[in-house]
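The values are calculated or read from the model by the stated rules, or taken from the named source; none is laboratory data. Fair warning: this is a prediction, and the values are worked out from it, not measured in the lab. Every residue, glycine as well, gets a Cβ built from its backbone with ideal geometry; the counts of neighbours run over all protein chains shown.
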Amino acid sequence: MDEYIAISINALVENAKIEFDVFLKSDVNGRSNYILFCRGNQQFSPERNEELLNRNAERLYISTKDIDKYLRYQEKNLKCIVEDSSKSSLQKSGVLYQVAKNLTQDVLDDPKSGQNIGRASTWVGNTITHIMQNENTFSSLFEVTSKDYQTYTHSINVSVIGLLFGKYLSLTPNELECLGTGLLLHDIGKSILPQDILNKDNNLTSKEFNIIKKHPKAGLDLLELMGDIDGLSLKVVIQHHENNDGTGYPYGIGGSDIHLFGHISRIVDAYDAMTSDRPFAAAMKPFATLSILKKENPLYFNEELLREFICFLGPKDQRNKCRIDDILSTTTSVAK
Ligand SMILES: [Fe+2]
Ligand SMILES: [Fe+2]
């Protein structure tokens, strides 16, 4: 028997071809019937959109077997969706996050695919358009981010937080594009490391930690092979674990030898890891995280940028609504 999943009532893009069947649901005597509204491979005309609005339906439905087609449709039409003034900031943020989940998983599954890398930079461009549109994007993007730490959700979160921070720092559109792409791909080198080490709790042996430390260089090598990634994006990939005091990895460089994007990514990377549920630590609230970054490990970070980051984020990260209680535990450590 077919199963169906609800999609937003305004998920369809006018004048774009729909590549999957779309259904409306009617409940009769406690039984749900799914009635075909639009067959796949048809253009969604303004008249059909009008018809849909007149029906006052709350949701549309697609077959669960068409979920992949639906995600690709959203990705293909992302620019139209982001620029559509009839959609709310939250709806746009939700679509951006869905699309990012799908494409980041594809990037990590097949890190040598130039096509996937191209999809990543297109996504960054659309996210920048969304962020530049209005101030609401900050809260709506934070609302849709996941707090479960997996490499792909972490990659999306740091890219989104980094882009918002970059906007706050008045970076140019081109710089934002390079920063966002670098952050989305910053841990791509992890895709070729043994997964059992990556998923292990915090008690890594020094041998295992040395393997983890290879991921920035592995990521750089992978992306350099593709040829067309901007050097600024590569700075993020290679320097996101370098500490301001020279105690980081892979090269142990510090201070002004680290590029601005390296400093930004070190802060954003640690912040997202600590505010997410990891295998060995529950998510911390934003305030506790910022306190730890500032008080306990100030030498890891560029002081001025950290101060800016706290001003930028302190009062705004809405994810604290669903976080565990603030515990400034002595066992807590900054993400390595
Ligand atoms: Fe990393
Ligand atoms: Fe990371």
Within the range 209-230, how many residues turn out to be assigned to a helix (DSSP H, G or I), of a type outside the set (A, V, I, L, M, F, W, C) and more than 15 Å from ligand 1 (Cβ to nearest atom)? 1
Boolean, residue 233 is among the polar types (S, T, N, Q), more than 14 Å from ligand 1 (Cβ to nearest atom) and crowded, with 23+ Cβ neighbours inside 10 Å: yes
Can you tell me which residues in the range 132-179 are at pLDDT 95 or above, closer than 30 Å to residue 197 by Cβ and hydroxyl-bearing (Ser, Thr, Tyr)? 159
Give me the pairs: first residue in the range 261-285 and on the phi < 0 side of the Ramachandran plot and without any contact (Cβ under 8 Å) to a residue 40 or more places away in the chain, second residue of a type in the set (D, E, K, R) and in a helix (DSSP H, G or I), beta-carbon distance under 7 Å, and six or more apart or on different chains, which are they? 262/235
Quick one: what pairs do we get from the range 220-231, first residue assigned by TED's automatic domain parsing to the domain that holds residue 116, second assigned to a loop (DSSP other than H, G, I, E, B) and polar (S, T, N, Q), C-beta under 9 Å, 6+ apart or different chains? 226/113
Could you look through the range 266-282, keep only residues that are modelled with pLDDT of 80 or more and of a type in the set (Gly, Ala, Ser), and pick out the one that is nearest to ligand 2 (Cβ to nearest atom)? 273
Do we find a residue being part of a helix (DSSP H, G or I), of a type outside the set (A, V, I, L, M, F, W, C) and within 15 Å of ligand 1 (Cβ to nearest atom) anywhere in the range 284-295? no
Residues that are surrounded by fewer than 17 Cβ atoms within 10 Å (Cβ to Cβ) and in a helix (DSSP H, G or I): does the range 267-274 have at least one? no
Picking from 218, 288, the residue that is over 21 Å from residue 169 (Cβ atoms) and away from ligand 2 (no atom under 16 Å from the Cβ) would be 288
Per the filter on the range 178-208, residues closer than 17 Å to residue 274 by Cα and out of contact with any Gly (no Cβ under 9 Å at 6 or more places or on another chain) are 198, 199, 200, 201, 202, 203
Give the range 42-92 a look and list any residue that's at pLDDT below 90, within 30 Å of the chain's Cα centre (by Cα) and assigned to a loop (DSSP other than H, G, I, E, B), or say none. 58, 85, 86, 87, 88
Only one residue in 191, 155, 170, 159 is assigned to a loop (DSSP other than H, G, I, E, B) and either without any contact (Cβ under 8 Å) to a residue 12 or more places away in the chain or within 16 Å of ligand 1 (Cβ to nearest atom) (or both). Which one? 170
For residue 36, indicate whether it is under 26 Å from residue 137 (Cα atoms) and among the hydrophobic types (A, V, I, L, M, F, W, C). no
